[in-house]
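Notes follow once the structure below has been shown.
The values are calculated or read from the model by the stated rules, or taken from the named source; none is laboratory data. Note that the coordinates shown come from a computational prediction; the quantities given were computed from them, not determined experimentally. A quick note on method: Cβ atoms are made from the backbone with ideal geometry, for glycine too, and the neighbour counts reach across all protein chains shown. These accessible areas exclude ligands, DNA and RNA; they are computed on the full protein's heavy atoms, side chains included. Shrake-Rupley method; radii C 1.70, N 1.55, O 1.52, S 1.80 Å.
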Amino acid sequence: MNGLSKGMLKVEVALRWDPSPAGQPAADLDLVAGTYPADDPYGSPAYVVHFDSRSPDGTIYLNRDSKDGKGFGFDEVMTLELERLDARYARVVVGVAIQQRTEDRTFADVAHPGLRIREGYTDLATEDFGGVRGATAATVAEFVRDETGAWGFRAGVHGFEGDPSTFTRVMGQAHRP
């Protein structure tokens, strides 16, 4: 990155999956983002954005939320306006959690899950969750602010086995560079 680059500015994370077969309970996948302060970037998140919330300053929000995968294209979409995120935050981790309402579900139990991360018209990453089929949740992206204030992107899917509320507490601790 050169000295004039601001890094990543506005990113879209989009999630899709097919509806469950007839007679089966609906699969519900949720995008989740945790924001971490500069003084403790691998500790507890300062706040978490998920299906019924948005960031306090409006910089991270869901554009679309699906409870069953019925829709056209991407069923759930989250926008991260990194350029507007307060300087006290140095890291944002994005994950996908599968709701565990009626039975335990993993990515192997979800029909054709897919993920796309893009900035503008540039795809930064795509994923089919094939490497974490036995997981109930996964981190899918990490955005890190460097010493100049520019945001960078670290791709990588890391599976998690457990309930969604535990996942949101530990999703930023699992993988240090």
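If r is the Cβ-Cβ distance from Tyr61 to Val170 and R0 is 30 Å, what FRET efficiency results, to the nearest 0.05?
On the way: r = 23 Å, r/R0 = 0.77.
Efficiency computed from Cβ-Cβ geometry: 0.85.
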request  = With a point put 7 Å past each Cα toward its Cβ, work out how far His112 is from Ala87 in nm, to one decimal.
outcome  = 4.7 nm
ask   = What residues from region 71-111 fall in the zone where the backbone N is under 18 Å from a label point 7 Å along the Cα-to-C-beta line of Asp18?
value = 71-76, 106-111
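Using just the helices of the chain, give the 222 nm mean residue ellipticity in deg cm²/dmol: DSSP H runs with n ≥ 4 each add -39,500 (n - 2.57), and the total is spread over all residues, rounded to 500. Intermediate values should be presented prior to the final figure.
Values: 1 runs with 7 residues, N = 177.
Roughly -1000 deg cm²/dmol at 222 nm, from the helical runs in the chain.
Under the definition of Cα pairs under 8 Å and six or more residues apart, what whole-number percent is the relative contact order of region 1-115?
After rounding, I find 39 percent.
Quick one: net charge of Gly69's neighbours, Cβ under 10 Å, K/R +1, D/E -1?
Numbers: positive: Arg16, Lys67, Lys70; negative: Asp18, Asp28, Asp68, Asp75, Glu76.
Here the charged neighbours net out to -2.
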message = Over region 11-74, with the other protein chains present, what is the accessible area per residue in square angstrom, probe 1.4 angstrom?
response = 48 Å²
inquiry  = Give me a comma-separated list of calculated 3J(HN,Hα) values for region 41-54, in order, Karplus coefficients 6.51, -1.76, 1.60 applied at θ = phi - 60°, integers in Hz, x for any Gly or Pro.
reply    = x, 10, x, 7, x, 5, 7, 10, 10, 8, 4, 10, 8, 8
request  = Could you give log10 I(q)/I(0) at q = 0.17, 0.21 Å⁻¹ for region 43-157, computed by the Debye formula over C-alpha point scatterers of equal weight, without solvent?
outcome  = -0.95, -1.41
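Which value, in debye to the nearest 20, describes the size of the charge dipole of region 32-177 about its Cα centre when Lys and Arg Cβ atoms bear +1, Asp and Glu Cβ atoms bear -1, and nothing else is charged?
40 debye
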key: Relative contact order, percent, region 1-60 [alpha-carbon distance under 8 Å, six or more residues apart]   = 20 percent
ask   = Spin-label point model (7 Å from Cα, Cβ direction): what's the Lys70 to Tyr47 distance in nm?
value = 3.3 nm
ask   = In percent, what relative contact order does region 78-177 have, based on Cα pairs under 8 Å that are 6 or more apart in sequence?
value = 29 percent
